[in-house]
Amino acid sequence: MATGASVSSLIGSTAVHLGRIRVLKEGLGQLSQQSNETGPVVYWMFRDQRLRDNWALIHAVDQANKLNVPVAVAFNLFDSFLGAKARQLGFMLRGLQQLHRDIEDNLHIPFFLFQGEATETIPSFVEECGASLLVTDFSPLRQVRGWKEEITKRVPDSVSIHEVDAHNIVPIWAASDKLEDYARTIRPKIYNQFPDYLTEFPIIKPRTRKWVAPNRVIDWENLIESVVREGAEVPEIDWCEPGEIAALETLMGSKTGFLATRLENYAADRNNPFKPKATSGLSPYLHFGQISAQRCALEARKLRKVYPQAVDKFLDELVVWRELADNFCYYEPHYDSFHGAWDWARTTLLDHAFDKRERIYTIEQLEKAQTADPLWNASQLEMVHYGKMHGYMRMYWAKKILEWTSSPQEAVEIAVYLNDKYHIDGRDPNGYAGIMWSICGVHDNGFQERPVYGKIRSMTYAGCSRKFNVDGYITYVKKLVRAVKKQKEEILLNSKAKQPAIPN
Ligand code: FAD
Ligand code: FO1
C-alpha cells in the first residue's frame, strides 16, 4: 500500500494533501474495459456522507478533471449494518436524500444508491460503468476494512483504488504509526501537523463534461418508510434534524448554533449533565459524516481570541480524543472486547474477577433501566428514548455495568450492545474507545484498588452528587421521556385515524 511520497509518483500532484491518500490498488491502465471511452471516477461514499468539505470528493473531482472524465458518487445501503435500526438508518437516509438533491443540482454529479453487499454492488458498478478510478473514504472499523479488501480483489485489474481519510484532520496513518497509549502521547503528534492538514478546503469545480448516466430514480420516501418500519424497535428521534444544512446550523447558526450561542459555557459546563446544551450536540452529524470535523475546527479556531479556554477544550475533544479513538480502533483489532484491554487493566480485572458483586443485573434488567440506582436508570432512559446520553453520564453508565455484571468480558459486551443499539451516534470508534476507557483502562492510568474495579478508575453516585445536580438531571430525563412517549402515542393515534374504516 502506497502512502505519502510514493503516492505522488503514482498519481502526480493533487488538490488534496498526498499524506491523506493511500493507494489501495494500482490499476494496470486508465482505459475502461467496456469501450474506447474513458469511464467516470467513482467515489464510493461511506463514512463521509456530505458534499461540502469532503477531501474524498475533492480528490475524486480533481482526478476526474485531470483525466477529463466525469465523476459519480455511489452509496451502498447494507441489508444489515451492525444491527442499526430506524433511529440510525432514518437519520442517515434522510441526510442522503438531501445530499442526492444537492449534489445533482449544484455539482451535476450523479448519485447512485445500491442495496445489498458492497462487496458485490461496488465492483459490479465499477465494471459496468467502465470506471477509470475508484475513490473511497476511510473507516477503521474491521467490517469496513474487510469489505474494502474484498472489493480490492474484485474490481477489474485496470482500475486503481485510492482511499482518502476525509474524517480525521490529521490522517490516521500520518498522526501515528502505532497504537497510542494516551491522549497526551498523540496530542503533540496531531497538533504539530496542523500547519499541513488544518487548511481551508478548495472549492469543488467538476468539469461540465456530461455523463449520460443510466436511469436511476431513487424512491426515497418508500425506502425510508420501509427501513423505518422494519427497524421500528428503536424509533427515530425528532430533536436532531438530519443533513448537512442542519449540521452547519448546529455548528454555526445564529439562533442556537454552538459556536454562535453556546461555546462560551463549554469549558465550565460541558461535564454537567443537567446542562446538556453546553456541549455542541454535533456527534450525530460527525458520526454520519454530515459535517467535517475539520470545518468545526476551522470555525472554532476563529473564536480562540474571544474564548480561549472553551475553544481549546472543544478542539481537544473534537480532534485529540476523537482521533485517538480512531487510532485505537485502527491499531487494536480487539477494540470492542475485553481482549483489547490495556495489560495492567486486564491483570487487575482478572485479579478481581471473583470479587463478590453487591448486585448483579441481567441484560434485560439493564436494558429496561430496572436497577436500584435512579441516576443510572435516568441515563439509560435518556439513551433509549432520546437517543443521546450526556457525555459525562456515559462514563458513569459504562463503569456501573462493570460493577453489576459477573465479568468484565460480559460488561464490555453489554455496554457495546446497548450503546450501539440506542445511540444515534453509536457504532463509532468514539463509542468503542469510550467503553474501553471506562471498563478496560484504555488510555487511562491505574487508580486506588477497589473491589470488582481493581485499579480501574471508579465513579460513584456520591461523586456525581458533588459534581452536579443529580436530582435535577433525573427530573429532566423523566420529563424528556414523558414527552417522547406522549408524542409516540399521538403519532400512533394519528396513523390509526388515517386508516380506512373496516367495513362490517
Ligand atoms: P462535545 O463535547 O460537543 O464534543 C464534540 C465532539 O468531540 C463530539 O461530537 C465527538 O466527536 C468528540 N468527542 C467528545 N468527547 C469525546 C470522547 N470522550 N472521545 C472521543 N471523542 C469525543 N461518542 C460518539 O460519537 N459515539 C458513541 O457511541 C460514543 N459512546 C461513548 C460511550 C462511552 C462509554 C463514553 C465514555 C463516551 C462515548 N462517546 C461516544 C464519546 C462522547 O461521550 C460523545 O462523543 C459526546 O458525548 C457527544 O456529544 P457532543 O457532540 O455534544 O460532544
Ligand atoms: N454506511 C454505509 O456505507 N452503508 C450503510 O448501510 C450504513 C449504515 C449505517 C447504519 C448505522 C450507522 O451508525 C452507520 C452506518 N453507515 C453506513 C455509516 C458508516 O458505516 C459509519 O460511519 C462507520 O461505521 C464509522 O466508521
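What whole-number volume per residue, in cubic angstrom, does the convex hull of the C-alpha atoms of segment 318-435 give? Don't skip to the answer; put the middle values down first.
Working: hull volume 11.6 nm³, N = 118.
That works out to 99 Å³ per residue.
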Carbon + sulfur, % of accessible area of the chain - ligands and nucleic acids excluded, 1.4 Å: 51 percent
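So for segment 2-176: antiparallel DSSP bridges make up what percent, rounded to the nearest 5?
Working: 6 of 25 bridges.
In segment 2-176, DSSP labels about 25 percent of beta bridges as antiparallel.
DSSP loop chymotrypsin sites (Phe, Trp or Tyr not before Pro) in segment 41-135 with at most 16 other Cβ atoms within 10 Å of their Cβ, which ones? Write out the running numbers ahead of the final one.
Values: sites: Tyr43, Trp44, Phe46, Trp55, Phe75, Phe78, Phe81, Phe91, Phe111, Phe112, Phe114, Phe125; in loops: Phe46, Phe78, Phe81.
Here the chymotrypsin sites (Phe, Trp or Tyr not before Pro) that fit, given the DSSP loop and packing criteria, are Phe78, Phe81.
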Selected from Ser465, His423, Ser495, residue furthest toward positive end of dipole (the chain; charges at beta carbon): Ser465
Within-15-Å neighbourhood charge of Glu358 [Cβ basis; K, R +1; D, E -1]: +3
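For segment 228-331, what is Rg from Cα atoms divided by 2.2 N^0.38 Å, rounded to two decimals?
Rounded to two decimals, the normalised Rg is 1.15.
Could you sort Arg457, Arg184, Arg20 by accessible area so the largest value comes first, with the probe set to 1.4 Å?
Values: Arg457 75, Arg184 140, Arg20 0 Å².
I get Arg184, Arg457, Arg20, largest accessible area first.
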Probe 1.4 Å, all protein chains present, accessible-area order of Met92, Met393, Met252, largest first: Met252, Met92, Met393
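Please report the antiparallel percentage of the DSSP beta bridges confined to the chain, to the nearest 5. Mind dumping the intermediate values first?
Working: 7 of 26 bridges.
If we restrict to bridges inside the chain, about 25 percent are antiparallel.
Can you check how the C-alpha radius of gyration of segment 2-176 compares to 2.2 N^0.38 Å, as a plain ratio? Please report the intermediate quantities before stating the final value.
Numbers: Rg = 15.3 Å, N = 175, 2.2 N^0.38 = 15.7 Å.
Normalised by 2.2 N^0.38 Å, the Cα Rg of segment 2-176 equals 0.98.
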Reach of Lys302 by Cα under 18 Å, taken over lysines that are not fewer than 8 positions away in the same chain: Lys313
Net charge of neighbours whose Cβ lies under 13 Å from the Cβ of Thr152, counting Lys and Arg as +1 and Asp and Glu as -1: +1
Rg to Rh quotient for the chain, alpha carbon positions, Kirkwood Rh: 0.98
Projected label distance in nm at Arg154 and Trp239, using a 7 Å step from Cα toward the beta-carbon: 4.0 nm
Probe 1.4 Å, accessible area per residue of segment 338-486, Å²: 42 Å²
Residue order for His334, His443 - accessible surface, 1.4 angstrom probe, largest first: His334, His443
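Residues with beta-carbon under 10 Å from that of Val164, excluding Val164: net charge, scoring Lys, Arg +1 and Asp, Glu -1?
On the way: positive: Arg20, Arg22; negative: Asp48, Asp137, Glu163, Asp165.
Neighbour charge sum, excluding Val164 itself: -2.
Using r as the Cβ-Cβ distance of Lys205 and Asn445, and R0 as 56 Å, what FRET efficiency do you calculate, to the nearest 0.05? Walk me through the intermediate numbers first.
Numbers: r = 50 Å, r/R0 = 0.89.
The formula returns an efficiency of 0.65 here.
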Set of lysines with alpha-carbon distance to Lys178 below 20 Å, sequence-local pairs under 8 removed: Lys189
Of Tyr386, Leu51, Met1, farthest towards positive along the dipole that unit charges on Lys, Arg, Asp, Glu beta carbons give the chain: Tyr386
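The values are calculated or read from the model by the stated rules, or taken from the named source; none is laboratory data. This structure is a prediction, so every number in the text was calculated from the model and none was measured. Ideal geometry is used to build each Cβ from the backbone, glycine not excepted, and the neighbour counts take in all protein chains shown. Areas reflect the complete protein model, heavy atoms only, side chains present, ligands, DNA and RNA absent. Shrake-Rupley method; radii C 1.70, N 1.55, O 1.52, S 1.80 Å.
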